[in-house]
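The values are calculated or read from the model by the stated rules, or taken from the named source; none is laboratory data. These numbers come from a predicted model, not from an experiment. Positions of Cβ are backbone-derived with ideal geometry, glycine not excepted, and every protein chain shown enters the neighbour counts.
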Amino acid sequence: MVDGAWAGFVGPSLAVDSSDNPHISYYHWTYTGTDLVKCAVWNGSSWDFKVVDSAAPVSGINYDTSLVLDSSGYPHISYFIGAGSLKYAVWDGSDWDITTVDSVTTVNYSTSLALDGSGSPHIVYYDDTNQDLKYAAWDGLGWVIETVDSTGDVGNFASIVLDAGGNPHISYYDATNGDLKYAFPDPIEEILDFIEDSVDKGTLVPVKPGKPGQGQLGALINMVEAAGNLIDAELFLDACWQLQDALAKTDGLKPPESAPDFVAGEAAEELASKIQELMTSLGCE
Ligand SMILES: [Ca+2]
Ligand SMILES: [Ca+2]
């Protein structure tokens, strides 16, 4: 037994360090009005207990913790506090650094945490006000929060892993349809969204004025969509040719090195680098 004394235990999460010692995060319900988020570590002969957060009131409404160890073996934990805050705690060697990830909505039930190659946290959780699946990532300055799925009651019991490129892959439950679902970022959709947003903001504009310019913008969008269809059909070499074509229209280079560009503006360079990144991930020559 790890911990006891009439405590209720909810939302445990387990990780094992490089010495094969287990670390477990969990809620310790005391039924005295001061409930605890704790982290227990096996030191080789007994359990060490650390209180992560003692501001977890109201036994029973906070549900889940998620624990990951970083390359130094320090625990990172996502968990819920009270009726409306998703928190993220990191052990820095002497103390817990705690930040609030999302406090706008009531968030309850489940969370899952992963660390990317640079040690930055990526967290998925269920927003039970809107019954949505949400995803928060630390970008070095703050939390970038996205709603991954919002159709019906979706997002509970989510689990996240990051692939080698740092992209999130998420499994979760769709309670409206009783389905298990899987979400991952679609780079084609991201590029198309980026084009649409940039055109709306005026940071991406057709090089040619009037109808010819609109036609070229449409052609560029068609190239990206066609590449997406070829990727779906696993015709990666053909997708590479399509993307190469799209890149030549956005790369800021002119003949003889490259085709004339269809679009310009301050977002053009970023668009080109997004296309280039996708080509790299597909292994295009
Ligand atoms: Ca919803
Ligand atoms: Ca060009």
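Looking at the range 200-222, which of the residues that are hydrophobic (A, V, I, L, M, F, W, C) and over 16 Å from I275 (Cβ atoms) is nearest to the chain's Cα centre (by Cα)?
The extreme case among them is V205.
Conditions (1) aromatic (F, W, Y); (2) within 12 Å of ligand 1 (Cβ to nearest atom); (3) surrounded by fewer than 19 Cβ atoms within 10 Å (Cβ to Cβ), marked per residue:
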{"site": "P121", "(1), (2), (3)": "no, no, no"}
{"site": "D139", "(1), (2), (3)": "no, no, yes"}
{"site": "T151", "(1), (2), (3)": "no, yes, yes"}
{"site": "I160", "(1), (2), (3)": "no, no, no"}
{"site": "Y173", "(1), (2), (3)": "yes, no, no"}
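What helices (runs of 4 or more DSSP H) lie completely within the range 177-276 and have 2 or more residues being under 29 Å from T147 (Cβ atoms), away from ligand 2 (no atom under 15 Å from the Cβ) and modelled with pLDDT of 95 or more?
Of the helices (runs of 4 or more DSSP H) lying wholly inside the range 177-276, those with at least 2 residues that are under 29 Å from T147 (Cβ atoms), away from ligand 2 (no atom under 15 Å from the Cβ) and modelled with pLDDT of 95 or more span 187-201, 210-232.
Among the numbered criteria (1) in a helix (DSSP H, G or I); (2) of a type outside the set (K, R); (3) over 29 Å from L247 (Cα atoms), which one does I160 miss?
All conditions are met except number (1).
If the requirement is being of a type in the set (D, E) and in contact (Cβ under 8 Å) with a residue 40 or more places away in the chain, which of these qualifies: D186, D174? Explain how you work it out, then say what you get.
Values: D174 fails: in contact (Cβ under 8 Å) with a residue 40 or more places away in the chain.
Being of a type in the set (D, E) and in contact (Cβ under 8 Å) with a residue 40 or more places away in the chain holds for just one of D186, D174, which is D186.
Confirm whether G152 is touching a residue at least 12 places away in the same chain (Cβ under 8 Å), more than 27 Å from L14 (Cβ to Cβ) and in the same structural domain as I24 (by TED's automatic domain parsing).
yes
D95 fails exactly one of the following numbered conditions: (1) charged (D, E, K, R); (2) away from ligand 1 (no atom under 13 Å from the Cβ); (3) within 18 Å of D64 (Cβ to Cβ). What is the number of that condition?
(3)
When the residues of the range 32-70 are narrowed to those that are in contact with a strand residue (DSSP E or B) (Cβ under 9 Å, 6 or more places away or on another chain) and polar (S, T, N, Q), which ends up modelled with the highest pLDDT?
S66
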